[in-house]
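Everything on this sheet refers to the single structure shown next.
The values are calculated or read from the model by the stated rules, or taken from the named source; none is laboratory data. All of these numbers come straight from a predicted model, not from anything done at the bench. Here the Cβ positions follow ideal geometry from the backbone for every residue, glycine too, while neighbour counts run over all protein chains shown. We work out accessible area using only protein heavy atoms, side chains counted, and drop any ligands, DNA or RNA first. Shrake-Rupley method; radii C 1.70, N 1.55, O 1.52, S 1.80 Å.
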Amino acid sequence: MAGPRGVRVDHAVVSGTFTLDGETFDVDNNVWVVGDDEQCIVIDAPHDVGAILEVVAGRAVKAIVCTHAHDDHVRVAPALRVATGAPILLHPDDRPLWELTHGGDEEGAELWDVDLSDGQTLTIGGAAVTVLHTPGHAPGAVCLYVHDLGCVFTGDTLFEGGPGATGRSYSDADLIKDSIRRRLLELPDETVVHTGHGPDTTIGAERANV
């Protein structure tokens, strides 16, 4: 589906690892790029800058928008910022998770550039991207709703089959369900859900799974 000025969604899958609470797992992450032929935003920065730049395909990157700060979603964000000149956007409640990967206030630590906030609107190619704060999988987890494209990018908040995992530090099972019910299930049933890992689903298909 194309939006204003030919805004579209491009996609790739990249492989790497996820580490938290002293355990490491092999994971495949979705790379999502939203934009037109000239400019775009990148949603999350997993594993491989080169693979992300292949999806960008020479366009001007206006922002690197992080759905949350688990290392498999932000590990290469600083390197992608260097490669593209784009700012990194993250909800400030995810600072503890960001610091696990990139450090905090100490000299030489990498920080993000712009705080995301609930209800904030980003614009790319004339399409509005609405930030929905959906804590639970992570304190600062956000989803990105693009009305003009009929889709929402949910990171690790909502998958095919239901809510994202909540068995690790900084997560909360009751909170993620509340976030999904309040912020995502209010979207139209036909809204396509582009997830952080695995296949697409729809809001309607997931109503019974939350």
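The figures follow:
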{"item": "Helices (runs of 4 or more DSSP H) enclosed by the stretch 1-88 - at least 1 residues per element that are more than 22 Å from GLY126 (Cβ to Cβ) and open to solvent by 30 Å² or more (accessible area, probe 1.4 Å)", "result": "49-56, 77-84"}
{"item": "Test: residue in the stretch 150-171 that is assigned to a helix (DSSP H, G or I) and not charged (D, E, K, R)", "result": "no"}
{"item": "Meets criteria (surrounded by fewer than 22 Cβ atoms within 10 Å (Cβ to Cβ), among the polar types (S, T, N, Q) and either at pLDDT below 95 or in contact with a Phe, Trp or Tyr (Cβ under 8 Å, 6 or more places away or on another chain) (or both)) for THR130", "result": "yes"}
{"item": "Inter-residue pairs, beta-carbon under 6 Å, first closer than 15 Å to ILE203 by Cβ and in the stretch 159-178, second of a type in the set (S, T, N, Q) and part of a strand (DSSP E or B), 6+ apart", "result": "PHE159/THR195; GLU160/THR201"}
{"item": "Hey, THR157 open to solvent by less than 10 Å² (accessible area, probe 1.4 Å), more than 18 Å from VAL9 (Cα to Cα) and out of contact with any Phe, Trp or Tyr (no Cβ under 7 Å at 6 or more places or on another chain) or not", "result": "yes"}
{"item": "Any hit, the stretch 39-57, residues being among the polar types (S, T, N, Q), touching a residue at least 12 places away in the same chain (Cβ under 8 Å) and in contact with a Cys (Cβ under 8 Å, 6 or more places away or on another chain)", "result": "no"}
{"item": "Answer from SER117, SER179, SER171 - the residue that is loosely packed, with under 14 Cβ neighbours inside 10 Å and either of a type in the set (Ser, Thr, Tyr) or under 13 Å from the mean Cα position of the chain (by Cα) (or both)", "result": "SER117"}
{"item": "VAL192 open to solvent by 30 Å² or more (accessible area, probe 1.4 Å), modelled with pLDDT of 95 or more and either basic (Lys, Arg) or under 22 Å from ILE124 (Cα atoms) (or both)", "result": "yes"}
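Here is a yes/no grid of residues against (1) in contact with a His (Cβ under 7 Å, 6 or more places away or on another chain); (2) outside any strand (DSSP E or B); (3) under 23 Å from PRO96 (Cα atoms):
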{"position": "PRO139", "(1), (2), (3)": "no, yes, yes"}
{"position": "ASP148", "(1), (2), (3)": "no, yes, no"}
{"position": "HIS194", "(1), (2), (3)": "no, no, no"}
{"position": "PRO199", "(1), (2), (3)": "no, yes, no"}
